Amino acid sequence: TELASHPRWNLHQARFSPDATWVAFHTTNSPNGRQVYAVATSERTPVTSQSWVPIVTDHGCHPNWSTDGSLVYHFSFRDGAFCPWVQRVDPATKRPLGPPRPVLHLHDARLRAASGAAATNDVQGAYFYFTATESTGHIWLLER
C-alpha cells in the first residue's frame, strides 16, 4: 500500500517509529534541499503532502526515531557542517517541540560524518550510531 508520494520530490530513508504507527522520511526538494516529515501508518490511502507532519524544515536528512519515539535524530548542514542533530516531537502528533539541538558537532576537517550515499545512522537502546569518515594529509618537501 502506498503511504506517501510527491509528484516532484523523491522520498528517502523511511523509518518506522518504535510502535510502528508513524513513518519518518526525508525529501529531496531540490539538489541541495532536504526536509524531514512523518506520516501516520493508520492511513490506508496515500497521504497527500499537505497532511505530512513537518519535523525538520530548514535542512534535515536520514531521520531515525529514538527508542521511545519522542525524538527524531537526523543530519543537517544548519551550522555549516554535516552534523547529527535531534528534534524532540510530541508523542501523539509528532509535531516538533522546541528547536532542534546538536548531538555532536563534527566541524573538524579530519573527522566528519559520512555524507551522501555513505551516510548511515541507527538508534539502538540508548546509543546513536553513525558512519564517520576520517582524512589526513601531509606535505612533503623532496630534495633535488
Condition first: open to solvent by less than 70 Å² (accessible area, probe 1.4 Å) and either part of a loop (DSSP other than H, G, I, E, B) or over 14 Å from Leu11 (Cα atoms) (or both). Now tell me which residues in the range 23-45 satisfy that. Asn29, Ser30, Gly33, Ala40, Thr41
Which of the residues spanning the range 71-89 are open to solvent by less than 30 Å² (accessible area, probe 1.4 Å) and either at pLDDT below 90 or not aliphatic (A, V, I, L, M) (or both)? His74, Phe75, Ser76, Ala81, Phe82, Cys83, Pro84, Trp85, Gln87
Looking only at the range 91-134, count how many residues are within 18 Å of Val56 (Cα to Cα), open to solvent by 80 Å² or more (accessible area, probe 1.4 Å) and in contact (Cβ under 8 Å) with a residue 40 or more places away in the chain. 1
Which of the residues belonging to the range 96-112 are hydrophobic (A, V, I, L, M, F, W, C) and in a loop (DSSP other than H, G, I, E, B)? Leu97, Val103, Leu104, Leu106, Ala109
Inspect the range 91-99 for any residue being of a type in the set (A, V, I, L, M, F, W, C) and within 18 Å of His12 (Cα to Cα) and give the result as yes or no. no
Looking across the range 10-19 at residues that are open to solvent by 50 Å² or more (accessible area, probe 1.4 Å) and either touching a residue at least 24 places away in the same chain (Cβ under 8 Å) or closer than 17 Å to Asn64 by Cα (or both), the single one that is nearest to the chain's Cα centre (by Cα) is Gln13
Across the range 135-144, what is the total count of residues that are open to solvent by 100 Å² or more (accessible area, probe 1.4 Å) and within 28 Å of His74 (Cβ to Cβ)? 0
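The values are calculated or read from the model by the stated rules, or taken from the named source; none is laboratory data. As the structure is a computational prediction, the values presented were derived from the model and not from experiment. Neighbour counts run over all protein chains shown; Cβ positions are idealised from the backbone, glycine included. What goes into the accessible areas is simple: the full protein's heavy atoms, side chains included, and nothing from ligands, DNA or RNA. Shrake-Rupley method; radii C 1.70, N 1.55, O 1.52, S 1.80 Å.
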